[in-house]
Amino acid sequence: MDTQLINIPLTRQHKYRAWLFNKGCPGPFIRARVGDILEVEFTNKDEDGVAHNIDLHCVTGPGGGLYIYHCAAAPIPMHIANGMYGLVLVEPEEGLPPVDKEFYVMQSEFYTEPSLDDPKMLEYSYSDGLNENPQYIFFNGREGAITDNPLMAEIDQTIRIYFGNAGANLTSAFHIIGAIFDKVYREGGLISPPERGIATTTVPPGGATVVELKTVVPGTLTLVDHATSLSLKVPLDI
Ligand SMILES: [Cu+2]
(Lines give C-alpha, C1' and ligand atoms only; values in the text may rest on other atoms or scores of the structure.)
Protein backbone atom coordinates (compact mmCIF):
# COMPACT_ATOMS: atom_id res chain seq x y z
CA MET A 1 0.00 0.00 0.00
CA ASP A 2 1.05 3.60 -0.39
CA THR A 3 -0.03 7.09 0.65
CA GLN A 4 -0.34 9.96 -1.80
CA LEU A 5 -1.75 13.48 -1.90
CA ILE A 6 -4.65 13.64 -4.39
CA ASN A 7 -7.04 16.48 -5.23
CA ILE A 8 -10.41 14.72 -5.02
CA PRO A 9 -13.79 16.15 -6.18
CA LEU A 10 -15.23 16.30 -2.65
CA THR A 11 -18.40 18.20 -3.63
CA ARG A 12 -19.98 19.19 -6.94
CA GLN A 13 -18.27 22.58 -6.57
CA HIS A 14 -15.08 21.93 -4.63
CA LYS A 15 -11.95 19.86 -4.66
CA TYR A 16 -10.12 18.79 -1.54
CA ARG A 17 -6.47 17.87 -1.13
CA ALA A 18 -6.95 14.42 0.36
CA TRP A 19 -4.42 12.07 1.91
CA LEU A 20 -5.27 8.62 0.56
CA PHE A 21 -4.33 4.96 0.78
CA ASN A 22 -3.80 3.71 -2.80
CA LYS A 23 -5.51 6.83 -4.25
CA GLY A 24 -8.87 5.67 -2.86
CA CYS A 25 -11.39 7.05 -0.39
CA PRO A 26 -11.99 4.67 1.22
CA GLY A 27 -8.74 2.76 0.74
CA PRO A 28 -8.64 -0.80 -0.62
CA PHE A 29 -10.90 -3.47 0.89
CA ILE A 30 -8.57 -6.03 2.44
CA ARG A 31 -9.98 -9.54 2.63
CA ALA A 32 -8.45 -12.34 4.66
CA ARG A 33 -9.50 -15.45 6.55
CA VAL A 34 -8.69 -16.69 10.05
CA GLY A 35 -5.29 -18.37 9.86
CA ASP A 36 -4.01 -16.22 6.99
CA ILE A 37 -0.80 -14.24 7.40
CA LEU A 38 -1.31 -10.66 6.24
CA GLU A 39 1.84 -8.98 4.97
CA VAL A 40 1.42 -5.23 4.48
CA GLU A 41 4.15 -3.30 2.69
CA PHE A 42 3.60 0.41 3.18
CA THR A 43 5.28 3.26 1.24
CA ASN A 44 4.82 6.92 2.10
CA LYS A 45 4.75 8.94 -1.15
CA ASP A 46 3.54 12.14 0.54
CA GLU A 47 5.29 14.92 -1.38
CA ASP A 48 4.79 17.37 1.50
CA GLY A 49 6.82 15.12 3.77
CA VAL A 50 4.05 14.41 6.30
CA ALA A 51 4.52 11.18 8.28
CA HIS A 52 1.88 8.46 7.83
CA ASN A 53 1.33 4.91 9.04
CA ILE A 54 -1.38 2.23 9.15
CA ASP A 55 -3.26 0.95 12.19
CA LEU A 56 -5.21 -2.26 11.45
CA HIS A 57 -7.78 -2.99 14.13
CA CYS A 58 -7.74 -6.67 13.18
CA VAL A 59 -4.22 -7.38 14.37
CA THR A 60 -5.22 -9.18 17.59
CA GLY A 61 -8.88 -10.04 16.83
CA PRO A 62 -9.37 -13.80 17.10
CA GLY A 63 -12.20 -15.54 15.28
CA GLY A 64 -12.83 -13.06 12.53
CA GLY A 65 -14.71 -9.81 12.03
CA LEU A 66 -14.93 -6.63 10.01
CA TYR A 67 -12.46 -4.00 11.12
CA ILE A 68 -11.40 -0.44 10.31
CA TYR A 69 -7.86 0.41 9.36
CA HIS A 70 -6.67 3.99 9.38
CA CYS A 71 -3.65 6.21 9.56
CA ALA A 72 -2.73 6.78 13.20
CA ALA A 73 -0.07 9.43 12.74
CA ALA A 74 -0.64 12.55 14.88
CA PRO A 75 -2.98 14.35 14.82
CA ILE A 76 -5.11 11.26 14.17
CA PRO A 77 -8.45 13.05 13.48
CA MET A 78 -6.79 15.11 10.75
CA HIS A 79 -5.38 12.03 9.02
CA ILE A 80 -8.77 10.29 9.18
CA ALA A 81 -10.66 13.40 8.03
CA ASN A 82 -8.26 13.72 5.11
CA GLY A 83 -9.32 10.29 3.85
CA MET A 84 -6.92 7.75 5.33
CA TYR A 85 -9.10 4.75 6.18
CA GLY A 86 -10.53 1.52 4.85
CA LEU A 87 -11.91 -1.86 5.94
CA VAL A 88 -10.25 -5.18 6.55
CA LEU A 89 -12.44 -8.28 6.65
CA VAL A 90 -11.22 -11.36 8.47
CA GLU A 91 -13.61 -14.14 7.54
CA PRO A 92 -14.12 -17.08 9.92
CA GLU A 93 -12.09 -20.16 9.12
CA GLU A 94 -14.99 -21.74 7.21
CA GLY A 95 -15.72 -18.46 5.35
CA LEU A 96 -18.91 -16.42 5.32
CA PRO A 97 -22.02 -17.95 3.72
CA PRO A 98 -22.23 -17.13 0.00
CA VAL A 99 -24.44 -14.21 -1.14
CA ASP A 100 -25.33 -12.86 -4.58
CA LYS A 101 -23.83 -9.37 -4.22
CA GLU A 102 -21.35 -7.72 -1.86
CA PHE A 103 -20.79 -3.97 -1.48
CA TYR A 104 -18.24 -1.79 0.34
CA VAL A 105 -19.48 1.46 1.89
CA MET A 106 -17.79 3.78 4.36
CA GLN A 107 -19.09 6.89 6.09
CA SER A 108 -16.88 9.74 7.23
CA GLU A 109 -16.94 13.40 8.17
CA PHE A 110 -15.12 16.21 6.40
CA TYR A 111 -14.11 19.37 8.28
CA THR A 112 -13.43 22.04 5.70
CA GLU A 113 -12.79 25.72 5.13
CA PRO A 114 -12.22 27.52 1.82
CA SER A 115 -8.65 27.77 0.64
CA LEU A 116 -7.29 31.32 0.63
CA ASP A 117 -5.27 30.55 -2.52
CA ASP A 118 -7.98 28.94 -4.64
CA PRO A 119 -11.74 29.44 -4.15
CA LYS A 120 -12.45 26.05 -5.77
CA MET A 121 -10.36 24.22 -3.15
CA LEU A 122 -11.34 23.26 0.38
CA GLU A 123 -8.83 22.63 3.16
CA TYR A 124 -8.97 20.87 6.50
CA SER A 125 -10.34 23.08 9.28
CA TYR A 126 -8.48 22.49 12.55
CA SER A 127 -11.03 24.41 14.61
CA ASP A 128 -14.06 22.60 13.19
CA GLY A 129 -12.24 19.28 13.57
CA LEU A 130 -11.56 20.04 17.24
CA ASN A 131 -15.17 21.13 17.77
CA GLU A 132 -16.54 18.02 16.00
CA ASN A 133 -18.40 20.32 13.63
CA PRO A 134 -18.24 18.73 10.17
CA GLN A 135 -19.29 20.57 7.02
CA TYR A 136 -19.93 17.32 5.16
CA ILE A 137 -20.74 13.71 5.95
CA PHE A 138 -20.41 11.42 2.96
CA PHE A 139 -20.59 7.78 2.01
CA ASN A 140 -17.49 6.69 0.10
CA GLY A 141 -15.59 9.92 0.31
CA ARG A 142 -17.41 12.46 -1.81
CA GLU A 143 -20.75 14.01 -2.64
CA GLY A 144 -22.77 11.66 -4.84
CA ALA A 145 -20.29 8.77 -4.68
CA ILE A 146 -23.11 6.22 -4.53
CA THR A 147 -25.91 8.20 -6.20
CA ASP A 148 -23.66 8.74 -9.23
CA ASN A 149 -22.68 5.04 -9.28
CA PRO A 150 -25.58 3.14 -7.70
CA LEU A 151 -25.07 -0.25 -6.11
CA MET A 152 -27.08 -2.47 -8.45
CA ALA A 153 -28.76 -5.81 -7.79
CA GLU A 154 -31.47 -7.98 -9.30
CA ILE A 155 -34.73 -9.10 -7.70
CA ASP A 156 -34.52 -12.06 -5.29
CA GLN A 157 -30.87 -11.58 -4.57
CA THR A 158 -29.16 -11.59 -1.21
CA ILE A 159 -27.07 -8.49 -0.64
CA ARG A 160 -24.28 -8.11 1.87
CA ILE A 161 -22.93 -4.66 2.74
CA TYR A 162 -19.63 -4.20 4.50
CA PHE A 163 -20.13 -0.83 6.18
CA GLY A 164 -17.55 1.12 8.15
CA ASN A 165 -17.70 4.41 9.99
CA ALA A 166 -14.31 6.13 9.87
CA GLY A 167 -15.66 9.05 11.90
CA ALA A 168 -13.56 10.77 12.98
CA ASN A 169 -16.11 11.62 15.68
CA LEU A 170 -19.79 10.94 15.01
CA THR A 171 -21.74 7.71 15.46
CA SER A 172 -23.75 6.50 12.47
CA ALA A 173 -27.37 5.37 12.76
CA PHE A 174 -27.01 3.17 9.69
CA HIS A 175 -30.36 2.52 8.00
CA ILE A 176 -31.75 1.54 4.63
CA ILE A 177 -34.94 3.17 3.35
CA GLY A 178 -37.14 0.58 1.64
CA ALA A 179 -35.87 -2.61 3.29
CA ILE A 180 -35.02 -4.25 6.60
CA PHE A 181 -31.66 -5.77 7.38
CA ASP A 182 -32.41 -9.51 7.52
CA LYS A 183 -29.09 -10.01 9.29
CA VAL A 184 -26.86 -7.61 11.21
CA TYR A 185 -23.50 -8.75 12.49
CA ARG A 186 -23.40 -6.13 15.22
CA GLU A 187 -20.34 -3.91 15.22
CA GLY A 188 -18.79 -6.22 12.66
CA GLY A 189 -18.37 -9.19 15.01
CA LEU A 190 -18.48 -12.49 13.10
CA ILE A 191 -18.11 -14.85 16.07
CA SER A 192 -21.63 -14.35 17.41
CA PRO A 193 -24.66 -15.24 15.27
CA PRO A 194 -26.21 -12.22 13.49
CA GLU A 195 -29.22 -10.33 14.85
CA ARG A 196 -32.33 -10.69 12.67
CA GLY A 197 -34.79 -8.13 11.36
CA ILE A 198 -33.08 -4.83 12.23
CA ALA A 199 -34.15 -1.47 10.80
CA THR A 200 -31.34 0.77 12.09
CA THR A 201 -28.02 -0.24 13.59
CA THR A 202 -25.44 1.77 15.50
CA VAL A 203 -21.94 2.04 14.08
CA PRO A 204 -19.49 3.98 16.25
CA PRO A 205 -16.55 5.94 14.87
CA GLY A 206 -13.78 3.43 14.31
CA GLY A 207 -16.39 0.68 13.99
CA ALA A 208 -18.03 -1.39 11.28
CA THR A 209 -20.98 -3.66 10.63
CA VAL A 210 -21.94 -6.41 8.22
CA VAL A 211 -25.57 -6.31 7.09
CA GLU A 212 -27.54 -8.54 4.74
CA LEU A 213 -30.88 -8.00 3.03
CA LYS A 214 -32.94 -9.53 0.29
CA THR A 215 -34.29 -7.64 -2.71
CA VAL A 216 -38.03 -8.36 -2.80
CA VAL A 217 -39.54 -5.90 -5.29
CA PRO A 218 -38.07 -3.57 -7.93
CA GLY A 219 -37.18 -0.11 -6.66
CA THR A 220 -34.62 2.25 -5.24
CA LEU A 221 -33.32 1.57 -1.75
CA THR A 222 -31.51 4.42 -0.01
CA LEU A 223 -28.74 4.12 2.54
CA VAL A 224 -28.72 6.85 5.19
CA ASP A 225 -27.38 7.88 8.55
CA HIS A 226 -30.75 8.20 10.29
CA ALA A 227 -29.54 11.07 12.51
CA THR A 228 -31.95 13.17 10.48
CA SER A 229 -31.03 16.69 11.63
CA LEU A 230 -27.59 16.10 10.20
CA SER A 231 -29.11 16.28 6.72
CA LEU A 232 -30.19 19.86 7.49
CA LYS A 233 -26.92 20.84 9.15
CA VAL A 234 -24.66 19.27 6.54
CA PRO A 235 -25.41 17.71 3.14
CA LEU A 236 -25.77 13.94 3.48
CA ASP A 237 -25.01 11.69 0.56
CA ILE A 238 -28.34 9.92 0.12
CU1 LIG B 1 -1.64 9.82 7.67
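The values are calculated or read from the model by the stated rules, or taken from the named source; none is laboratory data. Remember, it's a predicted structure, so these values are computed and weren't measured experimentally. Reconstructed Cβ throughout: ideal geometry from the backbone, glycine too, with neighbour counts over all protein chains shown. Calculation scope for accessible area: heavy atoms of the full protein, side chains included, ligands and nucleic acids excluded. Shrake-Rupley method; radii C 1.70, N 1.55, O 1.52, S 1.80 Å.
Mean sequence separation of contacting Cα pairs (under 8 Å, at least six apart), scaled by the length of the chain, corresponds to a relative contact order of 19 percent. Under the criterion of Cα pairs below 8 Å and six or more residues apart, the relative contact order for segment 2-91 equals 34 percent.
Of all lysines in the structure, those lying under 22 Å Cα to Cα from Lys101, and not within fewer than 8 positions of it along the same chain, are Lys183, Lys214. Set the Förster distance to 25 Å, then compute FRET efficiency between Arg186 and Thr220 from the Cβ-Cβ distance, nearest 0.05. Calculated transfer efficiency: 0.40.
Straight Cα distances below 17 angstrom link Lys120 to the lysines Lys15, with same-chain residues fewer than 8 positions distant left out. To the nearest 0.05, what FRET efficiency results for Asn131 and Arg12 with a Förster distance of 22 Å applied to their C-beta separation? With a Förster radius of 22 Å, E is 0.30. If R0 is 30 Å, the Cβ-Cβ spacing of Ile155 and Phe29 corresponds to a FRET efficiency of close to 0.70.
If you place +1 on the Cβ of every Lys and Arg and -1 on the Cβ of every Asp and Glu, how big does the dipole about the Cα centre of segment 101-233 come out, in debye to the nearest 20?
Dipole magnitude for segment 101-233 comes out near 520 debye.
Close amide H pairs (under 5 Å, H built 1.01 Å from N) link Cys25 with no residue at least 5 positions away or on another chain.
Excluding ligands, DNA and RNA, the accessible surface per residue across the chain is 48 Å² with a 1.4 Å probe. The lysines within cross-link reach of Lys45, meaning a Cα-to-Cα straight distance under 16 Å and a gap of 8 or more places when in the same chain, are Lys23.
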